[in-house]
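The values are calculated or read from the model by the stated rules, or taken from the named source; none is laboratory data. Here the structure is a predicted model, which is why all the values come from computation and not from measurement. No Cβ is skipped: glycine too gets one built from the backbone with ideal geometry, and neighbour counts run over all protein chains shown.
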Amino acid sequence: MKKIKMSIAAMLLLTVSFAYAQEKDKMDHSNMKMDHSKMMDTKTDAKAEVILNDYFNLKDALVADDTKKAAQLGTTLVASLKAFDSSNYTKEQQSELADIIEDATEHAEHIAESAIDHQREHFKTLSKDITDMVAITGTKNTLYQQFCPMYDKGSAWLSQKDEVRNPYYGSKMLTCGKVQKTIQ
């Protein structure tokens, strides 16, 4: 009888130990998942942020009606677009980003070689490309998609501030437009 009690106690202890080990393993695994998801939430793509910064500098040059500076910044943007690395994204995202980057590079090249009216025409499509890129890469900053209903049947651009400064008309109609959407 004593052996049976000892065997039952040993089995019970073994069962409790096994159950505890499984539960601890589950908790460790779920904590790993939580930490991983936290890392993904705070992850920002540094090269995408460089592209955005170059885009905003270009926008500001167009707002200031500065053709020469816009051309220089177009060249800078071409370099940052060509340096973009999409290898951390899914195959589908890589394909979309490749198309976006190719198109944006072409428009930035035109901006680097053109007069201000032509720069602004290319900036319209470039703005769409950059907005599409941000939809995939995300950003660490709050952005404002702004819209001017008068330029080329309506044109949008991105800004870091909610205050409208129109890159399509510059000093002619500096505040023409409105915030269409906030991107966070």
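I'd like to check which helices (runs of 4 or more DSSP H) are fully inside the stretch 1-91 and have at least 3 residues that are within 25 Å of Asp117 (Cβ to Cβ) and at pLDDT 95 or above.
By residue number, 46-63, 67-82.
Quick check: is even one residue across the stretch 65-76 without any contact (Cβ under 8 Å) to a residue 24 or more places away in the chain and out of contact with any helix residue (DSSP H, G or I) (no Cβ under 9 Å at 6 or more places or on another chain)?
no
Mind listing whichever residues of the stretch 156-175 are over 27 Å from Asp99 (Cα atoms) and either surrounded by fewer than 17 Cβ atoms within 10 Å (Cβ to Cβ) or of a type in the set (Ser, Thr, Tyr) (or both)?
Residues satisfying the conditions are Lys161, Asp162, Glu163, Tyr169, Ser171, Lys172, Met173, Leu174, Thr175.
What residue, among those in the stretch 107-155 that are on the phi < 0 side of the Ramachandran plot and small (Gly, Ala, Ser), is surrounded by the most Cβ atoms within 10 Å (Cβ to Cβ)? Walk me through how you get there before you give the answer.
Kept after step one, since they are on the phi < 0 side of the Ramachandran plot, are these residues of the stretch 107-155: 107-137, 139-151, 155.
If we keep only those that are small (Gly, Ala, Ser) as well, we get 108, 112, 114-115, 127, 135, 155.
Working: Ala108: 28, Ala112: 19, Ser114: 17, Ala115: 10, Ser127: 23, Ala135: 12, Ser155: 23.
Per the criteria, the residue is Ala108.
Conditions first: (1) under 26 Å from Asp45 (Cβ atoms); (2) in a loop (DSSP other than H, G, I, E, B); (3) not acidic (Asp, Glu). Val164 passes all but one, so which condition is the exception?
Condition (1) is where Val164 drops out.
Looking at Lys128, Lys124 in this structure, which one is in a helix (DSSP H, G or I), closer than 17 Å to Asp65 by Cα and either modelled with pLDDT under 95 or basic (Lys, Arg) (or both)?
Criteria check complete, one pass: Lys124.
Out of the residues in the stretch 96-106 that are of a type in the set (Asp, Glu) and without any contact (Cβ under 8 Å) to a residue 24 or more places away in the chain, state the one that is surrounded by the most Cβ atoms within 10 Å (Cβ to Cβ).
So, considering only residues that are of a type in the set (Asp, Glu) and without any contact (Cβ under 8 Å) to a residue 24 or more places away in the chain, the one surrounded by the most Cβ atoms within 10 Å (Cβ to Cβ) is Glu106.
Quick check on my filter: what residues within the stretch 167-184 are within 21 Å of Ala71 (Cα to Cα) and either outside any loop (DSSP other than H, G, I, E, B) or among the small types (Gly, Ala, Ser) (or both)?
Result: Gly170, Ser171, Lys172.
Kindly indicate whether any position in the stretch 83-95 is within 17 Å of Thr137 (Cα to Cα) and crowded, with 17+ Cβ neighbours inside 10 Å.
Looking for residues that are within 17 Å of Thr137 (Cα to Cα) and crowded, with 17+ Cβ neighbours inside 10 Å, one finds at least one in the stretch 83-95, hence yes.
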